[in-house]
Amino acid sequence: MGNPISGERSAAGAQVSKFYSRATWIDGRAEEQLEQVAGWPGMKAVAGFPDLHPGRFGPVGAAFLADRIWPQLVGPDIGCGMALFRLDLPRRRLKLNKAARRLAVLEDGADRDHALAELHAAGLTGLIEPEALGTIGGGNHFCEVQVIDAILDPARTNLRKDDLCLLVHSGSRGRGAGIFQGLDDSWKHGFVADSEAATHYLTLHDVATRWARLNRALIASAASDALGCKASLVCDTVHNHVTPRSDGWLHRKGAACPEAGLAPLAGSRETPSYLLEVPDLVSGALGSVSHGAGRKYDRSSMHGRIRKTRSELASLTRNRFGGRVICEDRDLLLEEAGQAYKDPDQVVRDLSCFGLATAVARMLPLVTFKTTGGIK
């Protein structure tokens, strides 16, 4: 990555707080990126979490407090986040193969009239286009049916063992990328908070973030309709955005902003996910927490770690819990294989050890939907 301002660093680097133990896999490049960003002008504090891994413009799994706005520390998928929903469908009624077929409807997204009506209801009419609303997107995005394997803190949740849940990970689709790519080169220096460039960026950023929240809600609605049940929101946490604070601008890149003290933490298709309680008692954490297990291996290296035989690829469509993975894109199937990610149990242990979060519930993946590849 490197410093975006050649030859310019602040006189004193920002404080860097690292919330992970020696037992956690951390790529040295990600730690280098943490230190580099800490030296950017106006940077006040940097926090790295146990899901930390290298990113294009800065580390993922980190939060940053600065006196100016750095769009590259939000990245192109503005408003990306995870939303957890409880389904009112008894576990015994969920037939995995049938559910996998029915979730293919997610490939279509909302029809235009419905999308326009939802934009209007959200107060977004005329501010952003409806195309792609209700769709998941590529990369590490997904919609996953999960089952509650264990309730670890019954006093903190109404969820119960064997309840079915839906975890939706998606963002602003091409909207955020278009906003990021449309900025002039001044973004490399950061935007002064009251500048015209900052106002323009924040206006577009806020609209994209609202669009992304709506997108997750529509995905959940379509999925629950397809499964013949209703979905009720537990929490929706954004992990790519910038927000104002009294002491500066808080940027999150792959770091969750808890909602009502709760945040989901995604594992992989081969590991559990968790619902976390986040008390916000550690100031150095900048009100943030890990959003997932975090990548262990980058996408390109995964192509050399798994043989591309028919049997190996077929094995990636099942998980060790007996669940299904719907992904007809072979490259994506390899790049998002379970072994590409860190151990979420270790991430949760670190968060607990540092006083950042405690696990409320543990969920296992039953159907992970990514794409049919156009096959219905």
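The values are calculated or read from the model by the stated rules, or taken from the named source; none is laboratory data. Keep in mind that what you see is a predicted model, and the values were worked out from it rather than measured. Glycine gets a Cβ as well: all are built from the backbone with ideal geometry, and neighbour counts include every protein chain shown. Please note that ligands, DNA and RNA were not included when accessible areas were found on the heavy atoms of the full protein model with its side chains. Shrake-Rupley method; radii C 1.70, N 1.55, O 1.52, S 1.80 Å.
With the contact rule set at Cα under 8 Å and sequence spacing of 6 or more, what percent relative contact order holds for the chain? Walk me through the intermediate numbers first.
Details: 885 pairs, mean separation 90.0, N = 376.
Computed over the chain, the figure is 24 percent.
Averaging Cα coordinates gives a centre for the range 153-192 and one for the range 112-138; these two points are 16 Å apart. Descending by average beta-carbon neighbour count within 10 Å, the peptides 156-162, 90-96, 224-230 line up as 224-230, 156-162, 90-96, the highest first. If you look at the Cα atoms of the range 18-64, you get an Rg and a Dmax of 10.0, 32 Å. Each of Ala198, Gly228, Ala212 was scored by the projection of its Cα onto the charge dipole of the range 191-244, and the greatest displacement toward the positive side belongs to Gly228; charges sit on the C-beta of Lys, Arg, Asp and Glu.
Percent relative contact order of the range 190-301, based on C-alpha pairs within less than 8 angstrom and at least six residues apart?
Working: 116 pairs, mean separation 18.9, N = 112.
Relative contact order, the range 190-301: 17 percent.
Taking all protein chains into account, the per residue accessible area for the range 69-125 stands at 47 Å² (1.4 Å probe). For the chain, the number of Lys pairs with C-alpha atoms closer than 24 Å, counting only pairs eight or more positions apart or on separate chains, is 28.
Charge dipole of the chain (Cα centre as origin; +1 on each Lys and Arg Cβ, -1 on each Asp and Glu Cβ, all else neutral): 1480 debye, rounded to the nearest 20.
Can you check what the Kirkwood hydrodynamic radius comes to for the range 1-128, Cα pairs only, in Å to one decimal? Each step should come with its number before you reach the end.
Numbers: mean 1/r = 0.0538 Å⁻¹.
For the range 1-128, inverting the mean 1/r across all distinct Cα pairs yields 18.6 Å.
Distance from the C-alpha centroid of the range 216-238 to that of the range 352-367: 20 Å, rounded to the whole angstrom.
Once Rh for the chain is found with the Kirkwood sum over Cα pairs, what is the Stokes-Einstein diffusion coefficient at 10 °C and 1.306 mPa s, in µm²/s?
This corresponds to a translational diffusion coefficient of 76 µm²/s.
Counting heavy atoms of the protein chains alone, Thr125 has an accessible area of about 90 Å² for a 1.4 Å probe.
Mind checking the alpha-carbon convex hull of the range 231-376 and giving the volume per residue in Å³? Each step should come with its number before you reach the end.
Numbers: hull volume 20.9 nm³, N = 146.
Residue-normalised Cα hull volume stands at 143 Å³.
Backbone geometry of the range 266-277 corresponds, through the Karplus equation with coefficients 6.51, -1.76 and 1.60 at θ = phi - 60°, to 3J(HN,Hα) couplings of 7, x, 9, 5, 10, 9, x, 10, 9, 9, 10, 9 Hz, x marking Gly and Pro.
Of all accessible surface on the chain at a 1.4 Å probe, what whole percent is carbon and sulfur?
Working: 7700 of 15640 Å².
Its accessible area is 49 percent carbon and sulfur atoms.
Protein heavy-atom accessible surface, 1.4 Å probe, per residue over the range 320-364: 38 Å².
Per-residue ellipticity at 222 nm for the chain, helices alone: DSSP H runs ≥ 4 residues times -39500 (n - 2.57), over residue total, nearest 500 deg cm²/dmol?
Values: 9 runs with 94 residues, N = 376.
One gets -7500 deg cm²/dmol as the mean residue ellipticity at 222 nm.
Only one residue of Pro76, Ile148, Ala285 has its Cα farthest out toward the positive end of the dipole of the chain, where Lys and Arg carry +1 and Asp and Glu -1 on Cβ, and that residue is Ile148. Taking the inverse of the mean 1/r over every pair of distinct Cα atoms in the range 274-321 gives a Kirkwood hydrodynamic radius of 14.6 Å.
With both bridge residues required to lie in the range 8-144, what share of the DSSP beta bridges run antiparallel, to the nearest 5%?
On the way: 6 of 10 bridges.
Close to 60 percent.
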